[in-house]
1. I'd like to know if the stretch A:61-71 contains one or more residues that are at the interface with chain B (Cβ under 9 Å from one of its Cβ atoms), in contact (Cβ under 8 Å) with a residue 24 or more places away in the chain and either under 20 Å from A:C23 (Cβ atoms) or surrounded by 20 or more Cβ atoms within 10 Å (Cβ to Cβ) (or both).
2. Out of the stretch A:47-60, which residues are acidic (D, E) and surrounded by 15 or more Cβ atoms within 10 Å (Cβ to Cβ)?
3. So A:I87 clears everything in (1) surrounded by 13 or more Cβ atoms within 10 Å (Cβ to Cβ); (2) in contact (Cβ under 8 Å) with a residue 12 or more places away in the chain; (3) out of contact with any Leu (no Cβ under 7 Å at 6 or more places or on another chain) except one condition, right? Which one?
4. Scan the stretch A:108-152 for residues that are assigned to a loop (DSSP other than H, G, I, E, B) and crowded, with 16+ Cβ neighbours inside 10 Å and jot them down.
5. A:A109 passes all but one of (1) touching a residue at least 40 places away in the same chain (Cβ under 8 Å); (2) closer than 30 Å to B:V56 by Cβ; which number fails?
6. State all residues of the stretch A:113-152 that are under 25 Å from B:K12 (Cα atoms), among the aromatic types (F, W, Y) and without any contact (Cβ under 8 Å) to a residue 40 or more places away in the chain; if no residue qualifies, say none.
7. Give the residues of the stretch B:34-69 that are out of contact with any strand residue (DSSP E or B) (no Cβ under 9 Å at 6 or more places or on another chain) and of a type in the set (G, A, S), sorted by residue number.
8. Please tell me if A:M91 is more than 21 Å from A:T131 (Cα to Cα) and either within 14 Å of another protein chain (Cβ to nearest Cβ) or at pLDDT 95 or above (or both).
Amino acid sequence: MLVKLCEQPFNPWREVEAYQAECPEMAGKYGATSVFVGSMRDLNQGDAVVGMYLEHYPGMTEQQLQAIVGQAHAQWQLLDSLVIHRIGEVMPEDVLVLVAVWSAHRGDAFDASRFIMETLKSKAPFWKKETLSCGRQRWVEKNTDGYQTRAE
Amino acid sequence: MSIKVRYFASLKELVGRSDDELQADQALTVRAIWRQLNPELALPENVLAALNMEYVGYDARVWDGDELAFFPPVTGG
């Protein structure tokens, strides 16, 4: 179980591969790996976005992420999990978040990764400030509920 | 000792400060601390509070030595 914040761009697929290789005790045990990758789009609310600053609350962010992952491990049968989140300056196409979960079966892997992602969106203290193509900056006001059907 | 108060993101810009120190000889509620530090500014309804890095309600009691944070809804992920 590993949670980390990352100031530099990272490749989520290499991170998953490397983490798996570092956990030889999992080999042969997992039948399901669920991987969620969230990336930055170049459009939000109809406006072209050219950059973004990800502010966070040092200490509380790590604590909240650990607690969320801990809850997932208590609720589902998981072998291991990896969560990486970007902080600081990010650019469109950059990966913002990785949630990877290893389990014997797909049900636990799917459900736990969804839980971690949705809870992170509503509880982990990160805030996004977008820079639009016109140069104006604005704070993203709130995250939508991922379980609701989108109107658009 | 004192109570350390921190502000984040758009709220930090709204109050114009990133932190405050408050001397308190008794426990104060989260709401009372906001009022004392920001008398001109009503506590916005959607603002979240964290006491020693755990979410709390506005009626939670804050003691000397605690760290209290105010911030807008979170938007990570």
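The values are calculated or read from the model by the stated rules, or taken from the named source; none is laboratory data. Not measured: the values here are computed from a predicted model. With ideal geometry, Cβ positions are generated from the backbone for all residues, glycine too; neighbour counts draw on all protein chains shown.
1. Yes, the conditions are met somewhere in the stretch A:61-71.
2. Applying the first criterion (acidic (D, E)) to the stretch A:47-60 yields A:47, A:55.
If the condition is that a residue be acidic (D, E) and surrounded by 15 or more Cβ atoms within 10 Å (Cβ to Cβ), then A:E55 is the only one that fits.
3. (3)
4. Filtering the stretch A:108-152 down to residues assigned to a loop (DSSP other than H, G, I, E, B) leaves A:124-125, A:133-136, A:140-152.
Residues satisfying the conditions are A:A124, A:P125, A:V140, A:N143.
5. (2)
6. The one that is under 25 Å from B:K12 (Cα atoms), among the aromatic types (F, W, Y) and without any contact (Cβ under 8 Å) to a residue 40 or more places away in the chain: A:W139.
7. Within the stretch B:34-69, B:A42 is the sole residue that qualifies.
8. On the way: more than 21 Å from A:T131 (Cα to Cα): no; either within 14 Å of another protein chain (Cβ to nearest Cβ) or at pLDDT 95 or above (or both): yes.
Criteria not met by A:M91.
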